[in-house]
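What follows is a short report on a single structure.
The values are calculated or read from the model by the stated rules, or taken from the named source; none is laboratory data. In this text, all values refer to a predicted model and were calculated from it rather than measured experimentally. Here the Cβ positions follow ideal geometry from the backbone for every residue, glycine too, while neighbour counts run over all protein chains shown.
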Amino acid sequence: MFPRGRKLILGVAGGISAYKSCDLLRRLQDEGFIVDVIPTAASLNFVGKATWQALSGRKVITDLWSDVETVPHISMAKESDLIVIAPTTADLLAKLASGLADDLLTNIVLASTAPKILVPAMHPEMWLNPATVANVKLLQERGFFIITPDEGRMTGSDIGIGRYPESSRIISEINLHVMSSADLKGKKILITAGGTREPIDPIRFIGNRSSGKQGFALAMAAASRGAQVHLVSANTDLPIIEGITTTYVETAEQMASVLQIEFPHSDALIMSAAVADARVANYSDQKIRKESLNQVDLEKNPDILKTLSGIKKVGQIIVGFAAETSADITTLEQSGHEKLLSKSLDLIYVNNVSGGAIFGSDQTQGLIIDNQKKVIQVPEISKDTLSDILLDQLVSKLG
């Protein structure tokens, strides 16, 4: 199972305000993050492991000696795009400033190259103590982003600076810090992947060589930029992408049925699937014996893109893909432009698949053509990189 791109570690240190991080966790999930909670041993005195597992919907590891075969302090450090520690106690600030690594959370922090956001919360005297002030300054110099505590009522009757900030403020600060990677937040993106199969009988089918890698790469990239993604996958062997909705189909007709329901509620459709142009007219529900397999009659499949373009509303964007077998750039551009116009697309990516290229590969090259006649020549790059280039164009179209 692939993780969704916007993956975050929420560290929770042992302060009384740890209970407020339960609300923060929910608000982070609302922002599209998949959250792994790493509580310190002291914090479990305030909020237990079961609570974090129930709220996050994910397994919670509380020490270095659990799941050692997965080396969690390294694997989790590599997988996460952001680390937020809320609350961060004076004790934890001191440990981080000293580079100590005596539990799972501090080990992950040392092993991670991701941005790190600290949310200190403590009594005013502790926050203003010269040792804490020096630790905060040192951590800022090392690249940690510190969200300054609020002022207000503390534990007991104390009032002053050091209060755990409201979740809304923390979310605003996080979004400000990582907003460059969330430019599709609030958008619903419908993406197709793979290749449809049209059955001849229960054993045989007409299909194509599409692996679905480009569609899955687009789904991960869109989700990592904050989009709500619905992936319609046709006959791929790729793992599920955690955090997005996936519908599995086999035939062009099945794919068309799903898209007709979902497209009206989407901001954009990216049609990267290779859809069979024809289906078998004389399908047999029993296996056809070899000696009887003399002829297969075909009939055209519905043109999914053209049909959906006909019901497209103002503001919706449709991106198409075209696989051609010409190495000539001029011919490639012409065929791509003709398909873009005939199907009323906003963008199209056209490439040359002759000689077994592109299909099943991690690499791609081709042309991006938009409905304003702009052409971007794409050299050989990874499908992950192409995904972000296409999404940059999509963001521009969406405004």
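Among the residues that make up the stretch 181-193, is at least one of them within 30 Å of Val296 (Cβ to Cβ) and either among the β-branched types (Val, Ile, Thr) or not assigned by TED's automatic domain parsing to the domain that holds Cys22 (or both)?
Narrowing the stretch 181-193 to residues within 30 Å of Val296 (Cβ to Cβ): 192-193.
Pick out the ones that are also either among the β-branched types (Val, Ile, Thr) or not assigned by TED's automatic domain parsing to the domain that holds Cys22 (or both) and you get 192-193.
Among the residues of the stretch 181-193, at least one is within 30 Å of Val296 (Cβ to Cβ) and either among the β-branched types (Val, Ile, Thr) or not assigned by TED's automatic domain parsing to the domain that holds Cys22 (or both), which makes the answer yes.
State whether the residues of the stretch 211-230 include one that is in a strand (DSSP E or B) and either buried (at least 22 other Cβ atoms within 10 Å of the Cβ) or in contact with an Asp or Glu (Cβ under 8 Å, 6 or more places away or on another chain) (or both).
As a first pass, look at the stretch 211-230 and keep what is in a strand (DSSP E or B): 228-230.
When the remaining residues are screened for being either buried (at least 22 other Cβ atoms within 10 Å of the Cβ) or in contact with an Asp or Glu (Cβ under 8 Å, 6 or more places away or on another chain) (or both), the result is 229-230.
Checking the stretch 211-230: at least one residue is in a strand (DSSP E or B) and either buried (at least 22 other Cβ atoms within 10 Å of the Cβ) or in contact with an Asp or Glu (Cβ under 8 Å, 6 or more places away or on another chain) (or both).
Scan the stretch 17-40 for residues that are in a helix (DSSP H, G or I), surrounded by 15 or more Cβ atoms within 10 Å (Cβ to Cβ) and either out of contact with any strand residue (DSSP E or B) (no Cβ under 7 Å at 6 or more places or on another chain) or free of Cβ contacts under 8 Å to residues at least 60 places away in the same chain (or both) and jot them down.
Residues of the stretch 17-40 in a helix (DSSP H, G or I): 17-30.
Next cut, surrounded by 15 or more Cβ atoms within 10 Å (Cβ to Cβ) only: 17-22, 24-25, 27-29.
Matches in the stretch 17-40: Tyr19, Lys20, Cys22, Leu25, Arg27, Gln29.
Inspect the stretch 46-53 for any residue being more than 20 Å from Phe145 (Cα to Cα), among the charged types (D, E, K, R) and either under 24 Å from the mean Cα position of the chain (by Cα) or outside any helix (DSSP H, G or I) (or both) and give the result as yes or no. Walk me through how you get there before you give the answer.
Taking the stretch 46-53 as the starting set, the residues that turn out to be more than 20 Å from Phe145 (Cα to Cα) are 46-53.
So of that shortlist, the ones also among the charged types (D, E, K, R) come out as 49.
Filter once more, keeping what is either under 24 Å from the mean Cα position of the chain (by Cα) or outside any helix (DSSP H, G or I) (or both): none.
Looking for residues that are more than 20 Å from Phe145 (Cα to Cα), among the charged types (D, E, K, R) and either under 24 Å from the mean Cα position of the chain (by Cα) or outside any helix (DSSP H, G or I) (or both), one finds none in the stretch 46-53, hence no.
Restricting the search to the stretch 193-229, which residues are within 30 Å of Phe33 (Cβ to Cβ) and not aliphatic (A, V, I, L, M)? Break it down stepwise before answering.
Here is the first cut: in the stretch 193-229, the ones within 30 Å of Phe33 (Cβ to Cβ) are 193-194, 211-229.
The answer is Gly194, Ser211, Gly212, Lys213, Gln214, Gly215, Phe216, Ser224, Arg225, Gly226, Gln228.
For Ser43, work out the one condition from (1) of a type outside the set (Val, Ile, Thr); (2) crowded, with 18+ Cβ neighbours inside 10 Å; (3) under 22 Å from Ala222 (Cα atoms) it doesn't fulfil.
The single condition Ser43 does not satisfy is (3).
Restricting to the stretch 119-138, name every residue that is touching a helix residue (DSSP H, G or I) at 6+ places or on another chain (Cβ under 7 Å), buried (at least 20 other Cβ atoms within 10 Å of the Cβ) and either not β-branched (Val, Ile, Thr) or not assigned by TED's automatic domain parsing to the domain that holds Glu151 (or both).
Correct list: Pro120, Ala121, Met122, Asn135.
Restricting attention to the stretch 160-210, report how many residues are touching a Pro at 6+ places or on another chain (Cβ under 9 Å) and not in a helix (DSSP H, G or I). Give the derivation first.
Of all residues in the stretch 160-210, those touching a Pro at 6+ places or on another chain (Cβ under 9 Å) come to 160-165, 173, 177-178, 205-206.
Within this subset, residues satisfying the condition of being not in a helix (DSSP H, G or I) are 160-165, 205-206.
Matching residues across the stretch 160-210 total 8.
Could you identify the single residue in Ser335, Ser309, Ser344 that is touching a residue at least 12 places away in the same chain (Cβ under 8 Å), in contact with an Asp or Glu (Cβ under 7 Å, 6 or more places away or on another chain) and surrounded by 12 or more Cβ atoms within 10 Å (Cβ to Cβ)?
On the way: Ser309 fails: in contact with an Asp or Glu (Cβ under 7 Å, 6 or more places away or on another chain); Ser344 fails: in contact with an Asp or Glu (Cβ under 7 Å, 6 or more places away or on another chain).
Within the list Ser335, Ser309, Ser344, the selection yields Ser335.
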